[in-house]
Amino acid sequence: MIERVFIQEQGNGRLLPESRDLLAELLRRGIPAQPFVRKQLDRRQLPLARTTLVAGEIPVVLAALRQIGINPPEPADYPPCLAAFLHRRTWPSTLGEALYAFESGRLPRTFIKPRERMKRFTGFVLDGMEGGSDRVAGVSRATPVWCSEVVGWISEFRVYVIRSKIVDVQPYEGDAGRTLDLGVVERAIAVLAESPDARAAYGIDFGVLEDGR
């Protein structure tokens with residue numbers, strides 16, 4: 001049972017919208033909650049236990065879990081069981097391999113992003129205008145990455161799931177007025193629930209493509 005919650009702030013008391021909603025709900029339920037900044041966690045100034053919850057950016061949550069002796073599961077960015085829902089080809093590579101293939105003309109315009117817990121750079125599209133080397137300056141070429149065919153997104157949504165039930169859907173990019181097909185979302189959640197990648201609670205992103213899918 002959660003007895004206390006620490007919510008990451010961005011400095012000067014600023015909270016992300018999700019964090020503000022979480023804080024308000026916790027206070028409504030009478031659960032003690034307080035903001036913190038990253039350096040407090042790094043300096044081990046937070047009294048963490050298995051009955052406390054730390055909410056914040058992924059590296060912060062992972063660091064908190066390690067402090068209480070919990071080894072997080074490996075990321076499941078593209079669970080194999082959901083391949084049919086991606087509507088694009090994805091494949092694992094390394095940063096060096098992707099850059100070399102693109103620069104040598106063997107790889108077309110491609111989206112790449114880190115394939116590990118610690119996101120060492122923000123995902124971006126390798127294209128003829130910008131290339132990509134400047135965006136990953138200082139990042140090891142051995143860094144594992146995901147490569148993906150480029151598709152046209154009209155809108156993107158984050159779906160929050162607890163025990164295979166949708167508890168919230170929030171737009172975060174593009175045209176928020178577009179309708180997300182919840183039937184497709186529910187089918188994907190059901191498939192994931194029966195797979196080795198099943199989770200008790202998670203966020204999963206869906207979007208609407210230019211062709212309407």
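The values are calculated or read from the model by the stated rules, or taken from the named source; none is laboratory data. None of these values were measured; they are calculated from a predicted model. Ideal geometry is used to build each Cβ from the backbone, glycine not excepted, and the neighbour counts take in all protein chains shown. The protein model used for the area step is the full one, side chains on, heavy atoms only, and it has no ligands, DNA or RNA in it. Shrake-Rupley method; radii C 1.70, N 1.55, O 1.52, S 1.80 Å.
Hey, among Gly177, Gly203, Gly207, Gly138, which residue is loosely packed, with under 14 Cβ neighbours inside 10 Å and outside any loop (DSSP other than H, G, I, E, B)? Testing whether each residue is loosely packed, with under 14 Cβ neighbours inside 10 Å and outside any loop (DSSP other than H, G, I, E, B) leaves just Gly203.
Just one of the numbered conditions (1) in contact with a strand residue (DSSP E or B) (Cβ under 8 Å, 6 or more places away or on another chain); (2) open to solvent by 50 Å² or more (accessible area, probe 1.4 Å); (3) closer than 18 Å to Leu86 by Cα is not true of Phe124: (2). Residues in the stretch 1-13 that are open to solvent by 70 Å² or more (accessible area, probe 1.4 Å) and modelled with pLDDT of 90 or more: Glu3, Arg4.
Just to be sure, is Leu82 part of a helix (DSSP H, G or I), closer than 30 Å to Asp211 by Cβ and either touching a Ser or Thr at 6+ places or on another chain (Cβ under 7 Å) or open to solvent by less than 40 Å² (accessible area, probe 1.4 Å) (or both)? Judged against the criteria, Leu82 is a match. For the stretch 100-121, the tally of residues that are in a helix (DSSP H, G or I) and open to solvent by less than 80 Å² (accessible area, probe 1.4 Å) stands at 2. Restricting attention to the stretch 180-200, which residues are open to solvent by 60 Å² or more (accessible area, probe 1.4 Å) and assigned to a loop (DSSP other than H, G, I, E, B)? Residues satisfying the conditions are Asp181, Glu194, Pro196, Arg199, Ala200.
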